[in-house]
Amino acid sequence: MRRDGADAVRLVLWLIIAALVLVPLVAIVVLAAGDNRFGLLLEGDVLEAGINSIVSALASGLGAVLLGTAFALLLERTDLRGRRALRLIALSPLLVPPFVGAIAWIGVAGPVSPVNRAWSDAFGSPLWSIYGGDGVIFLLIVHSYPIAMLIVTAALRRIPTDLEQAARISGASATGALATVTLPLLRPAMLSSFVLVSVGNLADFGIPSIVGTPEQYVTLSTLVYRYIQSGTVDDPLSVVATVGVVLLVLAILGLVADTVLGRRRWELDASTTPPARLRLGRARPLVGTLTWLVVSALTVLPLLALVSQSLLPAPGVPLTAENVSLDNFSRVLSSPIVTEGAANSLMLAVLAGLICGIVGLAIGTVTTRTRARDNAALSAVALFPQAIPGLVIAVAWLVIAPHIGLFNTPWLILCAYVTSFLALVVQSVAAPLRSIPLVAEEAARISGATRLRALFDISWRLALPAALSGAVLVALTAVRELTLSVLLLSPGSQTLGVAIFNLQQAGAYNAASTLSLLVTVVGLVGLGLAGRSTR
Amino acid sequence: MASVTLSSLHLQYPSGAVGLEDIDLTVGHGEFVALVGASGSGKTTLLRTVAGFLSPTSGTVRLGDRVVAGDGVFVPAESRHLGMVFQQHAVWPHMNVARNVEYPLRRARVGRAERTERVERMLELVGLGGYAKRDPATLSGGQRQRVALARALVAEPSVLLLDEALSALDEPLRDRLRLELQSLTRSLGLTVLHVTHDRDEALALADRVVVLDGGRIQQIGTPPELVSEPASAAVARFLSDATVVAGTRTATGFRADGFPVDVPAALLSGAATGDVEVAILPEDVDLVAPGPAADGVAASAGPGAESAVVVSSLYGRSGNDVILDWGGLTLRSRTADHRPVVGERVGVSIRRALVFPSAGAAVPSAAPAAGARV
């Protein structure tokens, strides 16, 4: 067939994706391979950080899947009271940036938190301090179990109730059916969320730098940050690129594992019958109370700690009426560092949302609404950055920055944002479009529309609401982002995330808490509004 | 004047699979032609080739006098001026009913006043008067299919293509739409190509039916021709559930290989001799009182004496559907007068058998010629 406008659009999209994803990743691999400093990986610091990264990633993956599956089963398949409210609250850590969560949890379980101080007064030593490796793993679990819960819940909803009812009619008890039918059918979802969470946590920066560093618990991401900030090694870029390639390889291994495991998936019929709920009977009040306690401890408690910290002048000051003031708010809001960071973040976030929205809309529709052999490849490359640690993307852009004249400019951060967050829009656009049969466009063709016209009138119009909410999600994620901006920021410049991080590092804990609280509240309100407007 | 002319059409998919082979078909102006066949027979491929969503490997597609595919020409779907209704209706969810229906007119740059007027007239015609501002999500499946039909017809296409257009609907509704579709297309004098896997629907609606198998046309004919004079044993089996048996034809009659089927020469129709296949239509099998012959022993007394066991017996309005085990052969019968019970022993009498040359060798070449009318 002839080449037409639709083919031109496809070519342009390939060029954009090549520039955003392929070029940076190839650059980092080329630099690492050229300098060949892989021997370094077995040296003391790097080896220790690598082991810490892998152990904390695997442990937090396991914990997140267990916790997420337990919540999913309790909230989907039992007659627990207040399931809808519990589900919303349990998912809320997803909306709080991990480094904000870390600052909040220091208020709950830091060495001088009210709990630990009371315990020390009574028994001589603190109950449990969040600083150190165990704290890092705990916080990683708290911030990633909602992802596992979402994936397992979705899988659970796809399991037809008939399958459980067939087990019941064959003589299985309610719990027996759960154990012999439901749980085995959930295994692929659990494995897949384990891989996703583990790879995602492999190079988290905020949590280990805030609660790991004080106890000298170093991971690959905090090590990379140290190398880039202070010239403790020769040619830091090549060392950092080597670490990045290792993380990239681990992420690809995770993807391969997920694909191989995912191949053994069952074809399930759509279920029309409402799910039968497991009656908890006399255990219901007890199970209900316990679930509410655990969920609130994981989500509401740190927010309360954040509130109390922002009302108090310094950590360890008791929460009494005469100590409470709004001084932190006025100080934070009038600080030039904060206003500059907020302005920068806002600009970068809006631009990232805009670019991701347009490019993501185009890629999401072209790959789902046309028949072409390169669709799968185009969508895979666009989605790939989601599967690799943000740290790798930051280092990759750092490697090519001098060659494209973006070194020490905010545009470098924008590029990294777009690379990282494009997948959010592509996914939110592609998912709803897949369920609409391709004849929608063919009906337009038969009605006299060219391929490009059908793409525009039917596909893009259909996808516009999803692209809009995807773009808002990108902007809200970018405005509170830390890992990419902390590594790519030019000296003397600020973003919101970096401003909070620097306040925390400089010991201004209460100011950091105040700003964290503001960012969290504004973010939650924004997400709520975005969710409502697209519904 | 012919509306659609397909000549020596071949289509091979990039994977190497053959989609269409040697298709010659002429659809007259105002004619309603149904394409039937099992899944994978090529009926949808043929329709999509006419629509312009597939490009033939060789051969030509003509709409009226205009070559739209072949001879180095390929006119894309949007420039062929066709109407099409899809199985999953394909009503766009982000436009209201009127916007859906007027879309082809917008593409053809028809002015606003005329658009509104034609959309209203068309909605009236499909029984959706007053539905113009409705959101498709609020419509039932049948109403959405009417919207799709209105959209396909509004620009007065040269040919209406129906791709399993009624198959997604439930039974009583499908029946009603079938009736409406016929009166609508006849009163507008439309040329229609209708793809369906429902044999009865094809026979009921069409002027002529095209039977496809393996990408080839097996037979073209009017519904009565196809039912009473199938061109091959395969067509008889597909369209009428005929029982097909291989055997030998001699001067005295037909004798099956391995089964107790003997049909005297007088009851055979068809010219083939030697190694042949016969197709026995269910309507040509009568159930009579069981003969004395023991199970599995071929009786020599001719039809009427052999006894068979009833495997299943389903009630039907126009005759009971009875499946018999006749000495190992599964034979189908449709009989109105008596409904046997499962397990009952009955006698079998064959009134007529259609003789065809043995399958494989002669059938494909013999088939397309039979019944073809231009």
Enumeration of residues in the range B:204-217 that are touching a residue at least 40 places away in the same chain (Cβ under 8 Å) and surrounded by fewer than 23 Cβ atoms within 10 Å (Cβ to Cβ): B:Asp207, B:Arg208, B:Asp213, B:Gly214, B:Arg216
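Condition check ((1) assigned by TED's automatic domain parsing to the domain that holds A:Leu88; (2) open to solvent by less than 30 Å² (accessible area, probe 1.4 Å); (3) not polar (S, T, N, Q)) across all residues:
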position: A:Val108; (1), (2), (3): yes, yes, yes
position: A:Arg117; (1), (2), (3): yes, no, yes
position: A:Ser129; (1), (2), (3): yes, no, no
position: A:Asp134; (1), (2), (3): yes, no, yes
position: A:Val152; (1), (2), (3): yes, yes, yes
position: A:Leu156; (1), (2), (3): yes, yes, yes
position: A:Thr182; (1), (2), (3): yes, yes, no
position: A:Val195; (1), (2), (3): yes, yes, yes
position: A:Val211; (1), (2), (3): yes, yes, yes
Residue satisfying all of: in the range B:5-39; touching a residue at least 40 places away in the same chain (Cβ under 8 Å), on the phi > 0 side of the Ramachandran plot and not charged (D, E, K, R); surrounded by the most Cβ atoms within 10 Å (Cβ to Cβ) among these: B:Gly37
Residue within the range B:173-193 that is in contact (Cβ under 8 Å) with a residue 12 or more places away in the chain, open to solvent by 10 Å² or more (accessible area, probe 1.4 Å) and within 14 Å of chain A (Cβ to nearest Cβ) present: no
Unmet criterion (only one of (1) more than 9 Å from chain B (Cβ to nearest Cβ); (2) closer than 30 Å to B:Tyr103 by Cα; (3) buried (at least 24 other Cβ atoms within 10 Å of the Cβ); (4) hydroxyl-bearing (Ser, Thr, Tyr)) for A:Ser469: (3)
Residue under evaluation B:Gly30, criteria (1) part of a loop (DSSP other than H, G, I, E, B); (2) of a type outside the set (Val, Ile, Thr); (3) within 17 Å of A:Glu442 (Cβ to Cβ), criterion not met: (3)
Some residue of the range B:81-102 being facing chain A (nearest Cβ under 8 Å), of a type in the set (S, T, N, Q) and free of Cβ contacts under 8 Å to residues at least 40 places away in the same chain: no
Among the residues listed as A:Trp460, A:Trp397, the single one being of a type in the set (Phe, Trp, Tyr) and within 14 Å of chain B (Cβ to nearest Cβ): A:Trp460
Number of positions in the range A:435-454 that are open to solvent by 10 Å² or more (accessible area, probe 1.4 Å), part of a helix (DSSP H, G or I) and more than 7 Å from chain B (Cβ to nearest Cβ): 4
B:Thr5 under 25 Å from B:His197 (Cα atoms), within 26 Å of the chain's Cα centre (by Cα) and within 14 Å of another protein chain (Cβ to nearest Cβ): no
Identity of the residue in the range B:103-115, open to solvent by 40 Å² or more (accessible area, probe 1.4 Å) and part of a helix (DSSP H, G or I), that ends up nearest to the other protein chains (Cβ to nearest Cβ): B:Arg107
Answer residue from the range B:50-79, given it is more than 8 Å from chain A (Cβ to nearest Cβ) and assigned to a loop (DSSP other than H, G, I, E, B) and is farthest from the chain's Cα centre (by Cα) among those: B:Gly72
Counted residues, the range B:124-142 - those being within 18 Å of B:Ser183 (Cβ to Cβ), open to solvent by 20 Å² or more (accessible area, probe 1.4 Å) and either in a helix (DSSP H, G or I) or free of Cβ contacts under 8 Å to residues at least 12 places away in the same chain (or both): 3
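For (1) surrounded by 15 or more Cβ atoms within 10 Å (Cβ to Cβ); (2) part of a helix (DSSP H, G or I); (3) not assigned by TED's automatic domain parsing to the domain that holds B:Thr44, each residue gets a yes or a no:
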position	(1), (2), (3)
B:Glu117	no, yes, no
B:Arg144	yes, yes, no
B:Arg151	yes, yes, no
B:His197	yes, no, no
All helices (runs of 4 or more DSSP H) inside the range A:52-169 with 1 or more residues being within 18 Å of the chain's Cα centre (by Cα) and more than 20 Å from A:Leu524 (Cβ to Cβ): A:133-158
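The values are calculated or read from the model by the stated rules, or taken from the named source; none is laboratory data. Since the structure is predicted, the reported quantities are computational estimates derived from the model, not experimental observations. As a convention, Cβ positions derive from the backbone with ideal geometry for all residues, glycine included, and neighbour counts pool all protein chains shown. Calculation scope for accessible area: heavy atoms of the full protein, side chains included, ligands and nucleic acids excluded. Shrake-Rupley method; radii C 1.70, N 1.55, O 1.52, S 1.80 Å.
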